[in-house]
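Right, one structure below, let's go through it.
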Amino acid sequence: MISVESLRVEFGVKPLFADASFVVNDRDRIALVGKNGAGKSTLLKILYGQQQPTAGTVNIPHDTRIGYLPQVMVLQDDTTVRQEAQKAFADVTIMKEHLDLLQQQMSDRSDYESEEYMALVERFTQEHERYLMMGAENKEAEMERTLAGLGFLRSDFDRPTSEFSGGWRMRIELAKILLQRPDVLLLDEPTNHLDIESIQWLEQFLAQSASAVILVSHDRAFINNVSNRTLEISCGRIVDYKVKYNEYVVLRRERREQQQRAYENQQKEIQDMKAFIDRFRYQATKAVQVQQKIKQLEKIVPIEVDEVDNSAMHLKFPPCLRSGDYPVICDEVKKAYAHLVFDHVNLTIKRGEKVAFVGKNGEGKSTLVKCIMGEIPFEGNLKIGHNVQIGYFAQNQAQLLDESLTVFQTIDYVAKGDIRLRINDILGAFMFGGEASDKRVKVLSGGERSRLAMIRLLLEPVNLLILDEPTNHLDMASKDVLKEAIKAFDGTAIIVSHDREFLDGLVTKVFEFGGGKVREHIGGIYDFLQRKEIAELSDLGRQESPSTYSIPSTPNAPGIPNTPKKQDYAEHKERQKQLRKAEKAVEESERKINDMESRLKELDDLLMIPEKASDMMLVTEYTTTKEALDKEVERWEKLSEELEQLIN
């Protein structure tokens, strides 16, 4: 479908890549990977025809239609969502107008037996069949399904696009591209402005699409679920792996190990040659051999080893004060503007917990964060615990940086102790290596400023982290550094994110925002997604429906006493005793479940190693642990029901 031959791109002395050749076939799902600055976005622009290469050719058949979603694009604000999406059907609209004209011409004529009339009828029939084959009659329904899949409500369709944020307008552009059904889709970070549900819908759409797809994304789960082939830009070359992303990671590691061994052997050979030359340079009897060695040395082509990402670098938050047992307690919290955002929010976040806020955009995740931060008023009680020091990251944090400073100075001013010796390493891990550390903040892009604000936060002594979409502008290596730092963080973390891979193994509790409610789910992000998929089959409207393993938020969180209602003191005291006992039993069961799930994950990783796959001790432990986990989950459900009955 697309043939690329001997492609070369140069912006400076060293080319981005050279001698790149590959073919894009029908139904290829290609993940385009490489470190930031390797040339991924540049390659997409060249394939789209928006940019010309220094050398080489891109051969695209004349009738091939290409759809391209860049990271940044100029958006118009003079239409409604529906009108903007309908622009995807411009060719269908033209065809419909042409059919209407032919039909009018047939109606105006009465020479039904003439050759001209019969030719007109034949022409109309052919055009109408082509119109139907394009599925034109179903375009409106297809448009509505696509907009809904990307998170728009039916009530949004006739709203002006100017009322939506830049992220939502990018969704409209993505919908237009998908509706055009191009032969090749070029998508540059399509998930940056999508929530988890929209990402899952896009995954399914791309899996069922007849289009070839080339995508750039830092969402590992997304590209792994979509891809069946991986193109890597590394060391100025494009390497083609005919496998999906997860398999590519394994093959790339093996390839680099082979390169490293070859590099070490070559270096030894070079050292041996140089030693021979130095030793016998001035001996006449060895003059011929010395000249041969010199010529051999000149002909050696240095072996390059693929760049190593910085995800192996460890970064820890500085020591901080110990906070109270419950950094955040919400009791009947409500927030409404012209419409209700959420109501009856009852949640407790314990010290040391890592929790996720998830849900569709606009359901109140960032709003509750702002309530916790004290930035906006609300109804109800929201208590911030003793000694809580909050570190808050939001997109607008980047706007608060001092524009007169360099990148290095910005971090140097907040770094303390031994961490000051590793500033360059930290900057490199977040894509500010080399000369980039000397850039002034005022010349940085929005994404670069966000990354710099994130580094600053990582170096501040806080015990409650609140991160609102922290991964939008991070590549995979940077996300690994951040994820590892949060996992090792002694304090509490609230993470608002749509990045499943980032949240996986990081959070132990998920708060789902939707329909004006906040529901609490015990377990990791994939546990939540699995349960939610089951829930959606019986309740597509996302109304309140009990999840198999979800615990309803209790109206009386720890630290907020129950008020006795027509109970004497003794009855109330006994009830409180039973309630504390039930809460302790549920917490103990949750701890056991978390321990067993962690052990199962460890065993899974061990059994994936070929030499340990048949280890019967590991297999037996996995089986017994799984059975024990199932029994503990059943016990947990029973205890949770008993707790709920006591509360109600």
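The values are calculated or read from the model by the stated rules, or taken from the named source; none is laboratory data. What you see is a predicted model; the values in this text were computed from it and never measured. Backbone-built Cβ (ideal geometry, glycine too); neighbour counts: all protein chains shown. These area figures cover heavy atoms from the full protein model, side chains too; ligands, DNA and RNA do not enter into them. Shrake-Rupley method; radii C 1.70, N 1.55, O 1.52, S 1.80 Å.
Data overview
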quantity	calculated
Some residue of the range 6-21 being of a type in the set (A, V, I, L, M, F, W, C) and under 19 Å from S217 (Cβ atoms)	no
Near pairs, Cβ below 8 angstrom, 6+ apart or cross-chain, from the range 81-107 (under 12 Å from K139 (Cα atoms)) to any residue that is of a type in the set (D, E) and surrounded by 14 or more Cβ atoms within 10 Å (Cβ to Cβ)	none
Among (1) over 23 Å from K370 (Cα atoms); (2) in contact with a Leu (Cβ under 8 Å, 6 or more places away or on another chain), the one test that L529 misses	(2)
Hey, R145 open to solvent by 90 Å² or more (accessible area, probe 1.4 Å), at pLDDT below 85 and either touching a helix residue (DSSP H, G or I) at 6+ places or on another chain (Cβ under 7 Å) or not in a strand (DSSP E or B) (or both) or not	no
Failed item, numbered, when D438 is tested on (1) open to solvent by less than 40 Å² (accessible area, probe 1.4 Å); (2) at pLDDT 75 or above	(1)
Contacts under 7 angstrom Cβ, first residue in the range 292-304 being in contact (Cβ under 8 Å) with a residue 40 or more places away in the chain, partner surrounded by 10 or more Cβ atoms within 10 Å (Cβ to Cβ) and aromatic (F, W, Y), 6 or more apart	I303/Y263
Test result for T554, over 31 Å from the mean Cα position of the chain (by Cα), open to solvent by 100 Å² or more (accessible area, probe 1.4 Å), at pLDDT below 70 and among the β-branched types (V, I, T)	no
Given (1) without any contact (Cβ under 8 Å) to a residue 60 or more places away in the chain; (2) in a helix (DSSP H, G or I); (3) of a type in the set (A, V, I, L, M), index of the condition L43 fails	(1)
Where E84 falls short, out of the listed (1) of a type in the set (D, E); (2) open to solvent by 50 Å² or more (accessible area, probe 1.4 Å); (3) at pLDDT 85 or above	(2)
Contacts under 8 angstrom Cβ, first residue in the range 264-279 being within 17 Å of V301 (Cβ to Cβ), partner open to solvent by 50 Å² or more (accessible area, probe 1.4 Å), 6 or more apart	Q266/P302; Q266/I303; M273/K293; M273/Q296
R575 modelled with pLDDT under 75 and either of a type outside the set (S, T, Y) or under 25 Å from K487 (Cβ atoms) (or both)	yes
Hey, R599 at pLDDT 80 or above, open to solvent by 50 Å² or more (accessible area, probe 1.4 Å) and part of a helix (DSSP H, G or I) or not	yes
Every pair of residues 6+ apart whose Cβ atoms lie under 6 Å, when the first sits in the range 8-27 and is modelled with pLDDT under 85 while the second is not in a strand (DSSP E or B)	E10/T54; P15/G236; L16/G39; F17/G39; F17/G236
Qualifying residue in the range 5-26 (condition: in contact with a strand residue (DSSP E or B) (Cβ under 9 Å, 6 or more places away or on another chain), under 30 Å from Y245 (Cα atoms) and in a loop (DSSP other than H, G, I, E, B))	yes
The range 346-361: number of residues that are farther than 16 Å from K487 by Cα, open to solvent by less than 30 Å² (accessible area, probe 1.4 Å) and either touching a helix residue (DSSP H, G or I) at 6+ places or on another chain (Cβ under 7 Å) or not β-branched (V, I, T) (or both)	5
Residues being more than 42 Å from the chain's Cα centre (by Cα), under 26 Å from K176 (Cβ atoms) and surrounded by 13 or more Cβ atoms within 10 Å (Cβ to Cβ) - total across the range 89-106	2
Breaking point among (1) open to solvent by 10 Å² or more (accessible area, probe 1.4 Å); (2) more than 24 Å from G364 (Cα to Cα), for D468	(2)
Verdict on G34 being in contact with a Leu (Cβ under 6 Å, 6 or more places away or on another chain) and not polar (S, T, N, Q)	no
Some residue of the range 115-124 being hydroxyl-bearing (S, T, Y) and under 22 Å from K87 (Cα atoms)	no
Elements of type strands (runs of 3 or more DSSP E) in the range 321-389, at least 2 residues being over 20 Å from G523 (Cβ atoms)	328-336, 340-349, 379-384
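Residues checked against (1) of a type outside the set (K, R); (2) at pLDDT below 85:
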position: R159; (1), (2): no, no
position: E163; (1), (2): yes, yes
position: M170; (1), (2): yes, yes
position: L174; (1), (2): yes, no
position: I177; (1), (2): yes, no
position: L186; (1), (2): yes, no
position: N192; (1), (2): yes, yes
